[in-house]
Amino acid sequence: MLIAQLADIHLGHRQYGLDERLEDYNRAFLSAVNEVLRLREKGGLDTVIISGGDFFDTQRPPPSIYVTAIRGLTRLREAGIRVVVIRGNHDASIINPVENPLTVLHQMGLIDYLDGNYIDLGGVRVIGAGTVYTDIQNRLINELSTLRGQWSEYCVIHQYIEGAPYIYPMPNVDVFMVNEKPPLAQLGLDYIAVGHIHEHGLKHPRINAVYPGSLEVWDAREFEIYEYTDDRLRKIKDIDPKGFLLLDVGNNGVRVSSVKIGPSRRLVRVRIKYDDAKPSTVKRDVSYIASNMDQRGGSLVILEIEGRVAGGYSTRDFNTTELRRLFSKAWVDVRLVLERQSAERSPRVFGGIGEIIRQALRSRLGDEEVGVVMDVIERVKADDEDGALKTLERFIGVPLSGSKSIKDWLGASE
């Protein structure tokens, strides 16, 4: 039996506030559907498990995102492929998970929605439960234990399992965690299809649990990374792999292999460091970088300019807007972090109040969270209150547009 295991699709995620990135997440899902259909024709694949939950980025996806979901799921249904989905922390409120968009897809016959129940696939029982907070993980374990049968058991959960060696920490890892032992290891499950961690193919070292990761790049740390030194660009790392898993289930257990999905566009971070930064030098270097990175198709480039300002200049002499204009095709974020020259020890000086806020946030948050906060600040400054609330809604997965929902959210966070 062949099963495709997907996770953390996040349909509707508008990374960095860009419509282009929202479309990238749509394309990634539809590309995965195409690949599943190809595997169906090639080897008889007949089931898809979306173990990550977080099929949607918010519990109230707009109609256009529903259309994308229905379009892809309908193609799978018409090909005779069964789709099993659980609830992630983005799909529904953890406090009141009953009303969520996955139930709509279930009622339409497009998915089998599991939340404290199971389905039997031949000699394999697939049991599933939605996300829970760490402090009530025993409820999850007890629920899974009561659903076990007399044959091979595959569990589907959206949690971080203690001990999984992730590279990029997420801010809510500890919030949605289950302990390795006890209690999870004592269940003796044959395989655990997990989500929530977005790294492709991450395996737990002691429990048979594997994360497919997200279908699209989620964090700037996953980007293709370069350093610019001595008038040359030097690659530090490739873009992180993305895709899903193929589970080959047999009498001897499960064999896990990787299915890669290529990125929708080029995603690049370039680091430049100066001992004596002059505006003309920085502009020349960024112009060279633009000649190499400003590609058709709308690449996304983050420039990280660090170091010390040359004598006689101040950070106000470095115009980030002018630097961005050197790129005509790519979306560019210039992150200017320069230190002023002084004979005495001086505090670090940043390129404007926006950079001061950004760097303060980065000391506590990841790039994704910083981008959300900065977007909210800009929208508030522009008196775009509705836009600020929508950005927050997409990020935390909780409606903020009504007084009752705000009260519920505040009460849940206490």
Does any residue in the range 30-45 that is of a type in the set (A, V, I, L, M) come within less than 6 Å, Cβ to Cβ, of a residue that is assigned to a helix (DSSP H, G or I) six or more places away or on a different chain, and which pairs are these?
30/72; 33/72; 33/75; 45/39
Scanning the range 136-167 residue by residue, those modelled with pLDDT under 90, in a loop (DSSP other than H, G, I, E, B) and surrounded by 16 or more Cβ atoms within 10 Å (Cβ to Cβ) turn out to be 147
Return yes or no: is residue 227 among the acidic types (Asp, Glu), at pLDDT 90 or above and open to solvent by 20 Å² or more (accessible area, probe 1.4 Å)?
yes
Taking residue 328 as the residue in question, decide whether it is outside any helix (DSSP H, G or I), of a type in the set (S, T, N, Q) and open to solvent by 70 Å² or more (accessible area, probe 1.4 Å).
yes
From the residues in the range 259-281 that are part of a strand (DSSP E or B), without any contact (Cβ under 8 Å) to a residue 60 or more places away in the chain and open to solvent by less than 60 Å² (accessible area, probe 1.4 Å), which one is nearest to residue 336 (Cα to Cα)?
272
Identify, by number, the condition in (1) among the small types (Gly, Ala, Ser); (2) buried (at least 16 other Cβ atoms within 10 Å of the Cβ); (3) over 30 Å from residue 372 (Cα atoms) that residue 220 doesn't meet.
(3)
Pairs please, first residue from the range 75-86 and at positive phi, second anywhere and open to solvent by less than 50 Å² (accessible area, probe 1.4 Å), Cβ atoms under 7 Å, 6+ apart in sequence or on different chains.
none
So how many residues does the range 52-110 have that are part of a helix (DSSP H, G or I), over 19 Å from the mean Cα position of the chain (by Cα) and among the small types (Gly, Ala, Ser)?
2
Considering every residue within the range 175-184, establish whether at least one is among the charged types (D, E, K, R), in a loop (DSSP other than H, G, I, E, B) and surrounded by fewer than 20 Cβ atoms within 10 Å (Cβ to Cβ).
no
Those residues of the range 226-258 which are in a loop (DSSP other than H, G, I, E, B), without any contact (Cβ under 8 Å) to a residue 24 or more places away in the chain and closer than 19 Å to residue 198 by Cα, in sequence order:
238
Pairs with Cβ under 7 Å, 6+ apart, first in the range 129-145 and within 12 Å of residue 158 (Cβ to Cβ), second charged (D, E, K, R) and open to solvent by 30 Å² or more (accessible area, probe 1.4 Å)
129/115; 129/143; 130/115; 132/139
Hits in the range 170-218 - residues which are under 21 Å from residue 31 (Cβ atoms) and either touching a helix residue (DSSP H, G or I) at 6+ places or on another chain (Cβ under 6 Å) or at pLDDT below 90 (or both):
215, 216
Name the residue that is nearest to residue 244 (Cα to Cα), counting only residues in the range 1-51 that are among the hydroxyl-bearing types (Ser, Thr, Tyr) and not in a helix (DSSP H, G or I).
51
Go through the range 84-104 and give me each residue that's touching an Asp or Glu at 6+ places or on another chain (Cβ under 8 Å), surrounded by fewer than 24 Cβ atoms within 10 Å (Cβ to Cβ) and either within 13 Å of residue 52 (Cβ to Cβ) or of a type in the set (Ser, Thr, Tyr) (or both).
84, 93
Considering residues of the range 299-319 that are modelled with pLDDT of 90 or more and of a type in the set (Val, Ile, Thr) only, the residue farthest from residue 16 (Cα to Cα):
309
Can you name the residue in the range 234-258 that is among the basic types (Lys, Arg) and either touching a Gly at 6+ places or on another chain (Cβ under 8 Å) or over 30 Å from residue 20 (Cα atoms) (or both) and is also surrounded by the fewest Cβ atoms within 10 Å (Cβ to Cβ) among such residues?
255
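The values are calculated or read from the model by the stated rules, or taken from the named source; none is laboratory data. These numbers come from a predicted model, not from an experiment. Don't worry about glycine lacking a Cβ; one is built from the backbone with ideal geometry, like all the others, and counts go over all protein chains shown. Ligands, DNA and RNA are stripped out before the accessible areas are found, and what is left, the full protein with its side chains, is counted by its heavy atoms. Shrake-Rupley method; radii C 1.70, N 1.55, O 1.52, S 1.80 Å.
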